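Notes follow once the structure below has been shown.
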Amino acid sequence: MNVLSEAFGYLRQGDNWTGAGGMANLLSQQLLLTFTALAMALVVGLPVALWLGHLGRGGFLAINVSNVGRAVPTFALLALLVVAEWPGTQSFGPYGRAGLATLLALTLFALPPIITNAYVAVREVPADVRESARGMGMTGPQQFFRVELPLAMPLVMSGVRLALVQVWATATIAALVAGPGLGRVITDGFFRSNYGKGIAGAIVVAVVALVLELLAALAQRLVEPTGRAGSSPNREVGMSVGTPTVDETADAVG
């Protein structure tokens with residue numbers, strides 16, 4: 001309880017929130033890291049996953065690439081990147097020391113849920129819906145953009161939602177290579193045995209993670225197809241597609 005009291009006392013002191021090393025500045029740095037890494041992962045992974053899902057092929061590739069991404073610890077990857085000649089530990093604009101290495105590590109960490117969910121989302125659009133679209137004379141691109149993508153969006157957004165929260169929480173590792181973000185408060189607090197400071201940083205990370213989760217959940221509800229909010233087949237699949245079930249994986253590969 002004493003540690004928690006110290007933590008809340010640290011958070012209540014205005015001086016701890018101002019200045020270059022203040023909590024507000026470190027919070028903005030971590031948000032910048034998080035959203036940049038997420039945007040990079042979306043640009044790299046989303047088009048490929050959606051295309052493979054539309055073709056109904058490449059399930060083995062999509063699922064297993066995602067599984068490899070989950071198996072590699074992000075901190076281990078970051079450690080390898082910072083000791084390499086490139087990208088190394090050099091500062092990268094507003095992302096600070098080892099900024100490029102941190103962004104690459106976080107981007108690779110964000111790819112698995114985005115790729116898996118996007119592929120399964122398009123792949124699981126009912127066959128009769130696809131057939132109806134073709135029967136109406138829709139071309140492949142029209143079928144994708146007007147039928148498959150709208151139905152797949154809730155599940156695609158669930159992957160983005162999962163990646164967002166995971167990347168935000170993991171971005172604290174930037175502090176381990178003297179990078180920016182709230183991890184500096186946490187590591188500095190525990191290194192100096194100022195546990196109240198370290199716990200204060202962890203509390204802020206947890207609270208912001210909850211806020212991001214709520215905002216992402218709202219965005220996911222907004223992309224529900226009109227009139228199908230309770231019955232979309234992808235919605236049921238997407239409630240927990242961080243890792244597909246055995247049956248879903250078998251269907252996707254087949």
**Study point:** Number of positions in the stretch 85-111 that are over 16 Å from Trp168 (Cβ atoms) and either open to solvent by 40 Å² or more (accessible area, probe 1.4 Å) or not small (Gly, Ala, Ser) (or both)
**Key:** 12
Practice item. Could you list all residues from the stretch 92-132 that are on the phi < 0 side of the Ramachandran plot, in contact (Cβ under 8 Å) with a residue 60 or more places away in the chain and assigned to a loop (DSSP other than H, G, I, E, B)? Key: Arg97, Glu124, Val125, Pro126
Practice item. Using the structure shown, decide if Val44 is open to solvent by 80 Å² or more (accessible area, probe 1.4 Å), in contact (Cβ under 8 Å) with a residue 12 or more places away in the chain and touching a Ser or Thr at 6+ places or on another chain (Cβ under 9 Å). Key: yes
Point to revise | Of residues in the stretch 169-207 being among the aliphatic types (A, V, I, L, M), farther than 17 Å from Leu11 by Cα and assigned to a helix (DSSP H, G or I), the one most open to solvent (accessible area, probe 1.4 Å) | key: Leu176
Exercise for review: Within the stretch 59-68, identify whether any single residue is of a type in the set (Ser, Thr, Tyr), open to solvent by 40 Å² or more (accessible area, probe 1.4 Å) and on the phi < 0 side of the Ramachandran plot, and answer yes or no.
Suggested key: no
**Study point:** Members of the stretch 154-166 that are open to solvent by 50 Å² or more (accessible area, probe 1.4 Å) and either more than 26 Å from the chain's Cα centre (by Cα) or under 15 Å from Ala49 (Cα atoms) (or both)
**Key:** none
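So that you can scan it fast, the table gives a plain yes or no per residue for (1) under 25 Å from Pro154 (Cβ atoms); (2) small (Gly, Ala, Ser):
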| position | (1), (2) |
| --- | --- |
| Val44 | yes, no |
| Val48 | yes, no |
| His54 | yes, no |
| Val72 | no, no |
| Leu81 | no, no |
| Leu100 | no, no |
| Leu106 | yes, no |
| Phe109 | yes, no |
| Ala118 | yes, yes |
Exercise for review: Among the residues of the stretch 59-84, write down those that are outside any helix (DSSP H, G or I) and modelled with pLDDT of 90 or more.
Suggested key: Ala84
**Study point:** Tally, over the stretch 133-153, of residues that are more than 19 Å from Arg221 (Cα to Cα), surrounded by fewer than 19 Cβ atoms within 10 Å (Cβ to Cβ) and in contact (Cβ under 8 Å) with a residue 60 or more places away in the chain
**Key:** 1
Revision key, fill the gap. Within the stretch 5-17, residues touching a residue at least 60 places away in the same chain (Cβ under 8 Å) and either open to solvent by 80 Å² or more (accessible area, probe 1.4 Å) or part of a loop (DSSP other than H, G, I, E, B) (or both) come out as Glu6, Phe8
Exercise for review: Would you be able to say whether some residue in the stretch 18-27 is closer than 30 Å to Leu155 by Cα and in contact (Cβ under 8 Å) with a residue 60 or more places away in the chain?
Suggested key: yes
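The values are calculated or read from the model by the stated rules, or taken from the named source; none is laboratory data. Keep in mind it's a predicted model, so treat the numbers as computed, not measured. No Cβ is skipped: glycine too gets one built from the backbone with ideal geometry, and neighbour counts run over all protein chains shown. Accessible surface areas use protein heavy atoms only, side chains included; no ligands, DNA or RNA. Shrake-Rupley method; radii C 1.70, N 1.55, O 1.52, S 1.80 Å.
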